[in-house]
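Structure first, commentary second.
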């Protein structure tokens with residue numbers, strides 16, 4: 001199977017497209033990343049997405065179609081650049097852009113209209129991978145662990161993705177466990193974007209600050225950290241519970257340092273409690289050398305950092321894998337991870353033309 005995996009995370013740092021080939025030999029799976037590219041969101045679209053949670057239903061529907069057209073345009077440019085014909089691609093597997101994530105209220109919403117993408121590219125699209133899991137009583141997240149253990153199982157004992165949020169997956173007593181640990185890149189991006197910068201490259205500004213001990217204690221005391229998985233985080237929690245604790249009278253450097261220390265502590269706490277001897281780290285935060293330094297200080301095991309292609313595109317690769325599993329009518333969720341009542345082949349299929 002030849003699948004295009006599309007991933008756009010909560011940190012809004014672009015649309016990742018991965019062209020992945022899959023070969024299935026009984027229980028064995030071989031994958032090959034053929035091509036990959038990240039397309040930046042233009043400023044107009046970025047501003048709209050940052051305001052999406054406060055939009056009217058009408059404006060949100062308009063944005064859904066607009067984002068679908070943007071995705072389709074990126075796909076067509078990607079295929080043209082790499083000389084791909086639509087007949088070569090079995091399907092596009094799209095995560096979409098998460099706007100609302102409220103499994104406790106029975107819904108999650110990722111936009112970027114699948115029908116629009118399918119019509120404009122002429123290729124079948126599978127999207128909305130999370131909703132059916134939520135309907136079955138699950139969190140709808142995380143979905144990546146099934147790929148962690150089918151495609152990357154030999155790399156480490158645990159898998160950590162550092163995107164807008166930090167999430168982990170690992171096996172215990174032959175059962176896969178996975179959940180969101182804490183925020184990761186989103187708060188630091190929100191803080192530093194007030195200065196006009198997009199992100200704190202290598203954690204340089206965070207490293208120059210001092211820990212605000214009262215803020216660190218307040219962050220570590222948030223009720224989410226005492227709850228057990230399955231559990232997941234969304235931007236609603238970030239806006240209501242996490243960011244209001246930040247005292248804007250302190251310096252930017254101190255706030256960044258404190259957030260970094262908090263995340264490193266929370267991630268290491270889980271790794272140490274579960275006695276995981278190695279962790280495979282991907283996502284944009286894997287390139288933050290200061291964060292990795294602080295994680296290594298708290299964590300007793302080994303941090304494994306793969307090459308940049310895997311760091312940047314692992315989640316897009318896994319969503320391509322979910323698309324392949326959908327086409328094979330195989331489960332795409334893991335009930336022990338999401339809390340759903342059963343294994344399900346989640347996703348919605350949109351015919352090409």
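Annotations for the structure displayed:
- Criterion: at pLDDT 95 or above and out of contact with any helix residue (DSSP H, G or I) (no Cβ under 7 Å at 6 or more places or on another chain) - qualifying residue of 2, 58: 58
- Within the set 220, 202, 210, the sole residue that is surrounded by 11 or more Cβ atoms within 10 Å (Cβ to Cβ), farther than 30 Å from residue 103 by Cα and free of Cβ contacts under 8 Å to residues at least 60 places away in the same chain turns out to be 210.
- Considering 60, 41, 67, the condition of being surrounded by 15 or more Cβ atoms within 10 Å (Cβ to Cβ), in contact (Cβ under 8 Å) with a residue 24 or more places away in the chain, in the same structural domain as residue 325 (by TED's automatic domain parsing) and not in a helix (DSSP H, G or I) is satisfied by 41 alone.
- Which numbered condition residue 92 fails, given (1) buried (at least 20 other Cβ atoms within 10 Å of the Cβ); (2) modelled with pLDDT of 95 or more; (3) more than 17 Å from residue 17 (Cα to Cα): (3)
- Evaluation of residue 84 against the conditions (1) free of Cβ contacts under 8 Å to residues at least 60 places away in the same chain; (2) out of contact with any strand residue (DSSP E or B) (no Cβ under 6 Å at 6 or more places or on another chain) shows that the sole unmet condition is (1).
- Criterion: surrounded by 24 or more Cβ atoms within 10 Å (Cβ to Cβ), closer than 29 Å to residue 226 by Cα, touching a helix residue (DSSP H, G or I) at 6+ places or on another chain (Cβ under 6 Å) and in contact (Cβ under 8 Å) with a residue 40 or more places away in the chain - qualifying residue of 282, 346: 282
- Subset tally (residues that are touching a helix residue (DSSP H, G or I) at 6+ places or on another chain (Cβ under 9 Å), outside any strand (DSSP E or B) and buried (at least 16 other Cβ atoms within 10 Å of the Cβ)) for the range 263-279: 9
- Filtering the range 158-199 to residues that are surrounded by fewer than 23 Cβ atoms within 10 Å (Cβ to Cβ), in a loop (DSSP other than H, G, I, E, B) and touching a helix residue (DSSP H, G or I) at 6+ places or on another chain (Cβ under 9 Å) leaves 163, 197, 198, 199.
- Among the residues of the range 244-258, just one is over 19 Å from residue 291 (Cα atoms), in a helix (DSSP H, G or I) and in contact with a helix residue (DSSP H, G or I) (Cβ under 7 Å, 6 or more places away or on another chain), namely 245.
- Test: residue in the range 295-304 that is in a helix (DSSP H, G or I), modelled with pLDDT under 95 and under 23 Å from the mean Cα position of the chain (by Cα): no
- Filter pass, residue 299 being touching a residue at least 60 places away in the same chain (Cβ under 8 Å), farther than 24 Å from residue 86 by Cβ and in contact with a strand residue (DSSP E or B) (Cβ under 9 Å, 6 or more places away or on another chain): no
- The residues of the range 321-353 that are more than 19 Å from the chain's Cα centre (by Cα), part of a helix (DSSP H, G or I) and closer than 22 Å to residue 111 by Cβ amount to a single one, 326.
- Residue check for residue 235: within 20 Å of residue 292 (Cβ to Cβ), surrounded by 15 or more Cβ atoms within 10 Å (Cβ to Cβ) and in contact (Cβ under 8 Å) with a residue 60 or more places away in the chain: no
- For the range 221-233, residues that are at pLDDT below 95, touching a strand residue (DSSP E or B) at 6+ places or on another chain (Cβ under 9 Å) and more than 16 Å from residue 189 (Cβ to Cβ) total 5.
Conditions (1) under 21 Å from residue 313 (Cβ atoms); (2) in the same structural domain as residue 39 (by TED's automatic domain parsing); (3) in a helix (DSSP H, G or I), marked per residue:
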site: 71; (1), (2), (3): yes, yes, yes
site: 75; (1), (2), (3): yes, yes, yes
site: 84; (1), (2), (3): yes, yes, no
site: 92; (1), (2), (3): yes, yes, no
site: 100; (1), (2), (3): no, yes, no
site: 108; (1), (2), (3): no, yes, no
site: 116; (1), (2), (3): no, yes, yes
site: 119; (1), (2), (3): no, yes, yes
site: 123; (1), (2), (3): yes, yes, no
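- For residue 111, the conditions (1) closer than 22 Å to residue 3 by Cα; (2) more than 18 Å from the chain's Cα centre (by Cα); (3) at pLDDT 95 or above all hold with the exception of (2).
- Considering the range 239-262, the residues that are over 14 Å from residue 213 (Cα atoms) and under 21 Å from the mean Cα position of the chain (by Cα) include one that is surrounded by the most Cβ atoms within 10 Å (Cβ to Cβ), namely 242.
The values are calculated or read from the model by the stated rules, or taken from the named source; none is laboratory data. All values derive from a computational prediction rather than experimental measurement. All Cβ positions, glycine included, derive from the backbone under ideal geometry; neighbour counts span all protein chains shown.
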